[in-house]
Amino acid sequence: MIRKVRKEDAEAIAAIYNYYVVHTAITFETELVSEEEMRERIVRTSTEYPYFVYEKDGFIVGYCYATLWKKRKAYCHTVESTVYVSPDHIREGVGTALMNRLTEALIQKRIHAIIACITIPNDESIALHEKLGFTKASHFRQVGWKFERWLDVGDWELVLK
């Protein structure tokens with residue numbers, strides 16, 4: 001079941017996110033995010049943009065949201081998307097379902113383009129976004145430092161009809 005996020009989801013969302021903070025280079029954050037900080041992020045984001053969670057058997061197994069891509073006024077119809085899935089539920093269609101729901105909500109909001117910034121390598125995320133019609137638009141080399149190595153990022157974009 002996909003539903004709108006609630007403040008009470010902060011603990012579960014932080015647990016999913018913090019797995020990626022500690023074990024992967026997918027996020028460039030290097031410190032754990034507290035439940036309180038995650039709650040503040042949820043409130044800040046969900047007041048203006050769509051933010052969804054995927055529940056399975058009463059547990060949150062993934063989440064996604066959109067935020068403004070850049071602050072200048074002319075970018076107001078472009079967002080950056082974020083999607084995270086519990087490592088125990090990868091390749092179960094959770095990410096696809098969440099991104100499809102997010103895209104529907106963004107179309108209703110009259111958003112024109114979605115940008116996904118992806119750490120390279122991240123084969124699962126790249127495959128998910130390309131399956132959904134995103135195309136690679138940029139590649140920045142060695143812009144992040146985590147786990148004693150330089151990391152690349154790329155932007156994938158989807159222009160909505």
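Residue by residue, here is whether (1) within 21 Å of Val21 (Cα to Cα); (2) among the charged types (D, E, K, R) holds:
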position: Ile107; (1), (2): no, no
position: Cys117; (1), (2): yes, no
position: Ile120; (1), (2): yes, no
position: Glu130; (1), (2): no, yes
position: His139; (1), (2): no, no
position: Val143; (1), (2): yes, no
position: Glu148; (1), (2): yes, yes
position: Val153; (1), (2): yes, no
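The residue list Ile13, Ile118, Ile107, Ile90 contains one member that is at pLDDT below 95 and of a type in the set (A, V, I, L, M, F, W, C), which is Ile90.
Considering region 1-17 alone, what residues qualify as being farther than 20 Å from Glu48 by Cα and surrounded by fewer than 18 Cβ atoms within 10 Å (Cβ to Cβ)? Met1, Glu11, Ala15, listed by residue number. Among the residues of region 57-72, those identified as touching a residue at least 12 places away in the same chain (Cβ under 8 Å) and either exposed (fewer than 14 other Cβ atoms within 10 Å of the Cβ) or closer than 12 Å to Leu102 by Cβ (or both) are Phe59, Gly62, Tyr63, Cys64, Tyr65, Ala66, Thr67. Candidates Glu124, Glu92: the one that is open to solvent by 20 Å² or more (accessible area, probe 1.4 Å) and in a helix (DSSP H, G or I) is Glu124.
Counting only residues that are of a type in the set (S, T, N, Q) and surrounded by 14 or more Cβ atoms within 10 Å (Cβ to Cβ), region 101-111 holds 1 of them.
For region 7-31, the candidate set comprises residues that are part of a helix (DSSP H, G or I) and of a type in the set (A, V, I, L, M, F, W, C); within that set, the residue that is farthest from Tyr65 (Cα to Cα) is Val22.
Taking first residues from region 83-111 that are within 16 Å of Glu55 (Cβ to Cβ) and touching a residue at least 24 places away in the same chain (Cβ under 8 Å) and partners that are open to solvent by 30 Å² or more (accessible area, probe 1.4 Å) and of a type in the set (Asp, Glu), the Cβ contacts under 9 Å between residues at least 6 apart in sequence or on separate chains come to Val85/Glu92; Val85/Glu124; Gly95/Glu124.
The values are calculated or read from the model by the stated rules, or taken from the named source; none is laboratory data. Fair warning: this is a prediction, and the values are worked out from it, not measured in the lab. Please note: Cβ atoms are built from the backbone with ideal geometry, for glycine as well, and neighbour counts cover all protein chains shown. To get the accessible areas, we keep the full protein, side chains included, count just its heavy atoms, and leave off ligands, DNA and RNA. Shrake-Rupley method; radii C 1.70, N 1.55, O 1.52, S 1.80 Å.
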